[in-house]
Structures are given as structure tokens and as C-alpha cells.
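Inspection log for the structure reproduced underneath, given as C-alpha cells.
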Amino acid sequence: MARYLIARLGQALIVIVLVTVIAFLILHLLPGGAARATLGKEATLEQLAAFNHEMGYDRPLIQQYGMYVQRLLQGDLGYSYQLNQSVLEAIEQRLPKTMVLSLLSTLLAVVLAIPLGVLQAIRRNRWPDYAITALSLLAYATPIFFLGLMMIILFSQVWPILPPEAPQGFTVAELFADPAGLVLPTATLAIVTIAIYARYVRSSMIDNLNENYVRTARSKGLSERRVVLRHTLRNGLFPVITLLGMYLPALFSGALVVESLFNFPGMGQLFWQAALKRDFPILLGVTVIISIATVVGALVADLLYAAVDPRVRLRGSAT
Amino acid sequence: MSESIGLTARHSASVNAAAGQPLLELRELDTDIALRRGTVHALDGISLDVAPGQTLGVVGESGSGKTMTALSIMGLLPSGGRVTGGQILFEGRDLRSLPTDEVRRIRGVRMGMVFQDPLTSLNPTIRIGAQVAEPLRVHKRVGRAEARDRAIEILRRVGMPRPERIVDNYPHELSGGMRQRVAIAMALVCSPSLLIADEPTTALDVTTQRQILELIDDLREEFGMAVILVTHDLGVIAGRADRVAVMYAGRVVETAATEQLFQAPRHRYTEALMRALPESAIRDSGGHDRLISIPGLPPDLSGPLTGCRFAARCSYVSDECRTTDPSLTPGAHQHACLNPVPTPAVAATGPVPAQVQPAAEPTQVEPAAKPARVEPAAEPVTAAAPELTESPVLSVRNLVKNYPVHGRGLLRRAAGQVSAVADVSFEVRPGETFGLVGESGCGKSTVGRLSVGLERPSAGQIVLDGTDLTDLTGRERRRMHRQVQLMFQDSYAAMNPRMRVDAILAEPLEIQKVGDSSARQERIATLLDQVGLSRRALERYPHEFSGGQLQRIGLARSLALHPRLIVGDEPVSALDVSIQAQVLNLMRDLQRELGLAYIFISHDLSVVDYMADRIGVMYLGKLVEIGPAREVVRAARHPYTQALVDAVPSITPNRAATRDGTTIRGELPSALDPPTGCRFRTRCPRAADICTTEPPLVGGLHQVACHLPLRPEPAGTPTPVEAVG
């Protein structure tokens, strides 16, 4: 197990390094450059050159990358002149809020999607299955900005029970000071996720219910409830673990559209605004954070898999 | 376990059956399965009964309804399946009219079922102990600790080594045979009065099969259970059941006491099924006579059927058969045949006049089948004789194949190697069939793949027509390998489902750039004729064919490039007996016509015995015995060969149910770390100190790799021409 973990961490590290290289290159090869973006249209060529020299942007790319990595290892993600704060600080401010939003919506999605998917599998090709399938496809096919707008119109205009904007403020505590403001963004995010998860749970449960071991379980005279809950559910939920692992990066990156729509001060908004303003240090910093989250997410999913599926666990450690 | 105890128990059980109530009685059971394309009437008026302590064998080919009968009893029909009529009387009560919860309880406590595939029948993520004890916990409210103890106890009873450790294992950590023991333990944990075993050993090797069947027998005696043994294998039934019901196309066509059924079958289908077995051909003629195959396919059960359902395939069919729906005759030996097999004792059981009249007709039909048997009978003798003079098509020398096993780490360092084939040498001569038998994991398929060049050997030589392939470059080697073609067990899986048959057959010709397009068309037409398929097959896709037809297409594809040798890897193992006979006959016909040589790889000794001129027996990567087929099977020299021979279920009365003889116990050792010396010594009843050194393969025509062979090579055999390393 330990060897497996070390190997996987090694792979993860390689991936992260590659991501920083790619992100670094793309951002630096973009036209315009950081100096113009920072100093504005009025800056003279001398000012630009001075800025570039000061920042080290006139040195060879390799050297720049080396310096970047060196700083990265010290926890220095750079400094955003546009926000006038360090990248780390900017992320530290937004990340917890994004995580709150993502976790809440994911939790909601999982809690609702699993029973829905199971219900569909048990009642497959009957009306509950058809109804949920139809709704899922509808939710799946609706663009999220449209869904969000409809939510705002419905629940804060037509039937004004919820605020159309997310709570503002600098800390997580301030978010929770106005919980009603979290409802719409969370629900908007969750609806699409529920649709996806329910489809996965449904097909995975149907596959498992057709397995021979389920017939064996029935031959023991078990109740249908026990057959489903004790024998099938666990095996049927494996794909959800993969999905959750894939979702982990979103926990960090935030939901760009939803955050913009509800004016939610999270990572998505940060990235979006930085992209508009060519705020390279922020873009690079966020990219690195997300890439680490992606790699770690995949690793966590694998480890979780191994924890719940004995076949995987033993394959990992036996040889 | 002596024979006599088994017989008395069985005998007293049948007496009970006659006197007392049957434990389970099916009355006119109908089962439908609704599919998208229509409703299949899977069972039509099934009436059967089984008494306590009795074993009822239900035998039939795929689609006959034998499994549906079992699943109907258990209430485990697949989705869309429904019992639509009749009664299932269990201990006098009709399960169909009882409330669901009550039926579920009966199913869990009073009945147990063992399924075919032990690899998929256990929940992969629940520990063995919890799975075995679950019925106790649910139905008897037994506490956790006690349930664990009871699980250990029952696992020990079914012959599981170290049960107190096994309870904490997961299914994937056990072999197939061990998992089937777990399944049996699970079915028996509540001491049911009825055990239904649906093909319990079909997925297992013969030696394991024997252990499992004996176990079920012993447990039946010990618990006084009734057993319903469902199988396609007549041999399995012959040795174990008190009564047998033969099913065909959703009906019971014949039922009788086992001995009576096998000695004097009455229904023409039962008779044909028995005669289609390779062992029947060998027993009756002592040679490689053509098998009596049953032409055609079983009827489609989704449409309305009139008359006898076997009529379309029956050689004794009369006009009456096509119009009259035969019902089972009354009495102890029931059959539903209008033109039954006449028996000497017919006057005692059946209405005489009804039998005499139709009996005249079969004699007229008989000649149609007879010549097919007689004509080729002389041929095999000439085919087998000239072997020694000709130079071999294929010569395999000291063949070794190891598969590296990788570690999990980043660099995947080799952590060891599986010794799949270890120093195997043999020759195949033109027109000869060389049979390769052994149990799963013995390396026989690897030898096949190496021979056709799908894989490269780790060491050793493969000499094709005098050319050593190991010396050749890749391109030349591939050209040479045209002469050796492979025939697969699952032809459907071996064909691209999106290619039509014409494309499938043309592909090898195109790849090897043989002829132009019209020449290829001509060649394909010839191939179809040779394998007995109509031209219309060309425009169809693989899924439109039955298993037997697919095997014919597979054979046609192997023949496309005029090979001299065809390697058949379990070519008939997935087929029903009647279809198997068709394919085996075809293979023999083509061999005669085209002078083909075969390497016939199979786990089924009786099929290899029928097909092969010479047989090689493999165990754990080693060739342990090689010699003329008849000698290897009837005068085995290696203890392992003898154990294999003894384990093959047979319908021949004196061979069935022999429980002494060489029985091997235990599990196949890992090929990752094979035993030193003789690889069989860990399971050999005769193992001695000398067996720690590796025995060489020695002898003349009949060679054996054993220090303590069961019998010397018969005198008068020629001395070895060359020493085999």
C-alpha cells in the first residue's frame, strides 16, 4: 500500500510539473504581455521595459520558469498588481467561499441523486423511471446560465422569497450570516449535478442488479430491500466515487458561470476577472492550484475505491 | 465412501418416494418470458416430482427449459419471466398461492440453490463468512458471533481448508472450485430439505467437478435432502441421479429411473442425444466412426407449435408426429414419443399395438442414417497408419513460455514469472489429429497460441515443414504461419460483429494478397460448400447465426489460406451435444478431404479421445504423457492422466459412478512458483522421495514423465526413433 502511494504521488508530481510548464508557456506567449496589462495604455516603452526588467520578464523563458518554480516552492505564487495583493492572499480569500458553495451543492446532489438513481433502477422502465429520466435530461440539457436566470426570475422576482445575489463579504462567516443568499447558487449548481449522478447511479445499479450475485442473494430468501441496500448499493456506487474524484477540482476552481451570475465572490469569479484583465500571476496561481486539485482528486478517488472495494485493495498491495 | 452405501441410501430413498409424499411436485407448470420481440413460452406443462433423499436429474440442451424450471421453483425468474399456470407444490402447499413473505422464507430456509458460475455468483465486496451466514442472520435471527461459528462449521463440512481464515476472505481470493464450495455452504447453512443445483460443475475442471458432485451426494445422504441436479451433461446425471427427466423445447419428453433411462431410452430425442456423445461412438464401434448428429436446431418457443417439438429433427418422424401433440405415457418410465424406441420389455409397460405399427416406419428411415456411419468407418485406419513415415507438419521442441509478472511500482519491475509452458516437445504429422488435454491453467492454450505464431516462445523451437521459425524474420515467419490456422472456442467473440460473413472470409485472402477479387469470391464459395453453409450466409452478420453455424464459419475462415494444420482451441466446448456432433463430423470430413492435421485442444477427454490419433496430457505447463489416443485413455501410465480419465463423467453403466480409482484432491499449485521435481507430486497419491527430481518424458510411442508409472509400456512397441529431451 505504501509503495503504491509513493508511486502514485510520484506520478502526481510529474503531472503537476508539466502543468506548470504548459500554463507558464501559454501565458507568456500570449500577445500583449504582463507589462502593458499592468501599467495600462499610457505607459511608455521605457516604463514597460523597466517593468519587464524589474519582474525578470526580459530574461530567457527557461530562467523565468526557474525563478517561478523557486518562488512556488517557497509558497510564493506571485503578486497581483491589479488587485494589489499577493496571489496567495487573493486565493485564500476566495477559496473557502468557493469550497462552501461546491461542497453544499455536491452534498445536496449526492444526497438526492443516489436515492433517485436507486429508485429508477428498481422501478426501471416504469413511470418513476421515465419521469426522473425526463427531468434529468431536461436539467442536463439546460444551459446553466439559463437555469440560473430562471431561478432568479422565479424565486426572487415572480415569487420573491430568496435574494437574487449571493452574500458578499470577505469571510466564510459572513456567507453564513445570510444563508438565504446561498440557496439559489447552491440549487442551480446542484440541479445539473443531480441529473448527472442520478444517471450514473441508475445505470450502475441496473448493471449490478442483473449480476449473478444478486440472484444468489435473492435465492437466500432476502427481502428486496435487503438485496438492494446490503448487496447491490455498495457495488453500484463505485462510479459515483470516480465522479466525486473528478469533481474535486471544481471544488477549487469554482463554478465560473454560477459565480458570475450570482455575483458570488469565489475562485471562478477571481479567475474570470483576472482573465479579462490579463492578470498573469493570478491566472497562473489559480491554474496551478486547480491542477494540483485535479491530480489529488484522482488520487483520492483511487484510494477511496481501494477502501471500499476489496478487489482493488488487494490488487494494489499483493504484488 | 463405498458404492454400496450410496446405493442402499438411494434405494431406500426411492422406496420412500413410492410410499410417501413427494417433497416437491410440479403440476402442469407454464412459464413465459416476455422479451421485446415477443413472449417466449419457456416452459409448457412441466410435471415433475422429487421425494426426500432423492436426486432428480433434469437434463437438456440449451433452451430446453431446464434452468427455467429451476428458477421457476425458486421464484428467481429473470425480469420479464412469470409463471403463468400450474402449481408448485412444496411440502403440499402451492408456492404460487402463498404470500410473498412466506415464499421468501421458504426459499431461504427450506430450499437452497447452487448456480453455474461460481466466479460471479458471490458478492465481490462482502466477506465469505458474512455471505454464508446471511440466511441464518436474516431468517433465524442468529447473533453475529454464532453466525460466524456456524459459517465456519458449514464451510468445514463442505471441505473448505482452513475455514476459520476463509470466513474473513473475499470471493476473489478463492479458486473457482473453492467458490463453488462456498456457494454450496451458503445454500446448506439453514439445512434445507431441497437443494437445487443448476449446472453446479459446468464451469469447473473435471477433477474439481468430481469432488463437488461427490460432496453434493454425501451431503444429500447426511442431511436427507432432496436434490434437483440440472445439467446438460448426461454423464453427470448418469452417475448421480435416482430419476432423470429429459427436457426438450420447454417440455419434459421422457422421465424414468436413471438406469432404465440410460439402458433403454424410449424417446427418440433421448436416444439421439446419447448416440451423439463421442463416448457412444467409441463404445459402439471401438473406433472413430462418424457421430450420429441431430440435424437442425431446436424450435423457436415464441411462436405457436403443433405436434411433437422434436419432429423437425427426428429421423423417425411420421406424419402423425407433425400434427399430434404427444403427451407423456403413464407409468414409471414416461415418454412423449409416438414412435418410441422399441424395447424387449415393451409388452410390460406400453400399449403393444400402438408401438408395433410405427416401429415399421423407422426401419425405412434408418438407412438414411446408416450409410453415413458405415462408409467412413474404414478410413480412419488408413489415416492413422502412415504417420511415422511422413515428416511432421509441425515439430515443437523444448518449447518454453514464461510470462513476467510485474510489480505495481512506477517502473513495473518484473516480480517473477509464470511458467505457462515448460519444456514441451511433440510432433504433428500430416493428416493426423493430435489431442492436447489438461485442466485450466495447464498451458494447453498457450501451446496452441505459440504454434500458430500468435505469441513468441521464451525458448525452444517451432519447426514448420522443416523450417525453424525461430531463425526467421518477422515477415517470413508470418508467411510460414499461413500454414497453421487457429479455430476458437467462441467464434462469435472472434469475429468482428460489424463485418458480414463475406468480408470475414475474404479478409485472410486480402491480407495475404491471394488472387484477385473474382478468385477470392470463388474461394469463399468453395469454403462455404466445404463447411456446409448456404451462399445466403455471405450477406449476414455473425449475430444472426447459431453457435454451431458460427463454428462452421470459423472453420471456413481457418481454411481460407489452405493451411496444413489447424489448431482448434476448445472448438466444440461451447456447443450442445447434438451440435457438437455436427461440428466434430465436419472436422473429420474435412481432414479426410484436405489431408489436414489438427491440434485439438480440449479439457474434455471424451471428445479428445474420439477425435485424436495421439494425445498429449499437460499438467501445469508440462507434458506428462503422450501416446496413441486409445492407449493413453484406456491404459494411462501417468497418475494424473488416470485421475482425469476417472473423473470424466460417463453414461456407460460400468464406468459411471465409480468412486474408487485415482482421485486427486486439493488445488492446482500456482504456476508462479511451480513445485520442484515432478510438478504433479504435491497432489499425486503415489508420490515418493524420488519425485523431487524431475522425471524425463521417456518411452517409445507411449511416453510418460513419471518415476513411478502406473503400468509399463506394452511390450512389442517400437523402440524410440529419437530421444526426446
- Message: Among the listed residues B:Ser62, B:Ser72, identify the single one that is assigned to a loop (DSSP other than H, G, I, E, B) and more than 8 Å from chain A (Cβ to nearest Cβ).
- Response: B:Ser62
- Message: Based on this model, can you work out whether B:Val138 counts as aliphatic (A, V, I, L, M), within 22 Å of B:Ser193 (Cα to Cα), within 31 Å of the chain's Cα centre (by Cα) and not in a strand (DSSP E or B)?
- Response: no
- Message: For the condition within 14 Å of another protein chain (Cβ to nearest Cβ), out of contact with any Lys or Arg (no Cβ under 6 Å at 6 or more places or on another chain) and β-branched (Val, Ile, Thr), what is the one hit in A:Thr193, A:Thr171, A:Thr188, A:Thr232?
- Response: A:Thr232
- Query: Which of the residues spanning the stretch B:216-255 are among the aromatic types (Phe, Trp, Tyr) and under 18 Å from B:Glu61 (Cα atoms)?
  - Reply: B:Tyr248
- Those residues of the stretch B:171-194 which are crowded, with 24+ Cβ neighbours inside 10 Å, touching a Lys or Arg at 6+ places or on another chain (Cβ under 8 Å) and farther than 24 Å from B:Ala51 by Cβ, in sequence order: B:Pro171, B:Ala185, B:Met186
- Task: Return the only residue of A:Ala90, A:Ala34 being touching a helix residue (DSSP H, G or I) at 6+ places or on another chain (Cβ under 7 Å), at pLDDT 85 or above and either under 19 Å from A:Phe271 (Cα atoms) or of a type in the set (Asp, Glu) (or both).
- Result: A:Ala90
- Mind listing just one residue for me: the one in the stretch A:109-142 that is surrounded by fewer than 19 Cβ atoms within 10 Å (Cβ to Cβ) and within 20 Å of the chain's Cα centre (by Cα) and, of those, modelled with the lowest pLDDT? A:Tyr140
- Note down all Cβ pairs under 8 Å where the first residue falls in the stretch B:443-464 and is without any contact (Cβ under 8 Å) to a residue 24 or more places away in the chain, the second is surrounded by 17 or more Cβ atoms within 10 Å (Cβ to Cβ), and they're at least six residues apart or on different chains. B:Arg456/B:Leu450
- Message: Can you go through A:Leu276, A:Leu233, A:Leu243 and tell me which one is over 30 Å from A:Gln168 (Cβ atoms) and at pLDDT below 90?
- Response: A:Leu243
- Would you point out which residue out of A:Ala23, A:Ala35, A:Ala50 is in a helix (DSSP H, G or I), small (Gly, Ala, Ser) and in contact with a Ser or Thr (Cβ under 7 Å, 6 or more places away or on another chain)? A:Ala23
- Which of the residues that make up the stretch B:458-480 are assigned to a strand (DSSP E or B) and among the charged types (D, E, K, R)? B:Asp468
- From the residues in the stretch B:527-544 that are free of Cβ contacts under 8 Å to residues at least 24 places away in the same chain and not in a helix (DSSP H, G or I), which one is surrounded by the most Cβ atoms within 10 Å (Cβ to Cβ)? B:Leu533
- Message: The conditions are (1) within 10 Å of chain A (Cβ to nearest Cβ); (2) out of contact with any Lys or Arg (no Cβ under 7 Å at 6 or more places or on another chain), and B:Gly81 fails exactly one of them. Which is it?
- Response: (1)
- Taking the stretch B:96-132 on its own, how many of its residues are without any contact (Cβ under 8 Å) to a residue 40 or more places away in the chain and more than 13 Å from B:Ala185 (Cβ to Cβ)? 13
- When the residues of the stretch B:107-129 are filtered to those that are outside any loop (DSSP other than H, G, I, E, B) and farther than 11 Å from B:Pro171 by Cβ, which remaining residue is nearest to the other protein chains (Cβ to nearest Cβ)? B:Gly108
- Name, by its number, the condition in (1) touching a Phe, Trp or Tyr at 6+ places or on another chain (Cβ under 9 Å); (2) surrounded by fewer than 21 Cβ atoms within 10 Å (Cβ to Cβ); (3) β-branched (Val, Ile, Thr); (4) more than 14 Å from every other protein chain (Cβ to nearest Cβ) that does not hold for A:Ile282. (2)
- Task: State all residues of the stretch B:292-347 that are touching a strand residue (DSSP E or B) at 6+ places or on another chain (Cβ under 6 Å) and of a type in the set (A, V, I, L, M); if no residue qualifies, say none.
- Result: B:Leu301, B:Leu328, B:Ala336
- Residues in the stretch B:195-203: is at least one more than 14 Å from every other protein chain (Cβ to nearest Cβ), surrounded by 22 or more Cβ atoms within 10 Å (Cβ to Cβ), modelled with pLDDT under 95 and more than 20 Å from B:Leu71 (Cβ to Cβ)? no
- Message: For B:Gly554, only one of the following conditions fails: (1) in contact with a helix residue (DSSP H, G or I) (Cβ under 7 Å, 6 or more places away or on another chain); (2) crowded, with 18+ Cβ neighbours inside 10 Å; (3) not aliphatic (A, V, I, L, M). What is its number?
- Response: (1)
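The values are calculated or read from the model by the stated rules, or taken from the named source; none is laboratory data. Keep in mind that what you see is a predicted model, and the values were worked out from it rather than measured. Heads up, the Cβs are rebuilt from the backbone with ideal geometry, glycines too, and the neighbour counts pull from every protein chain shown.
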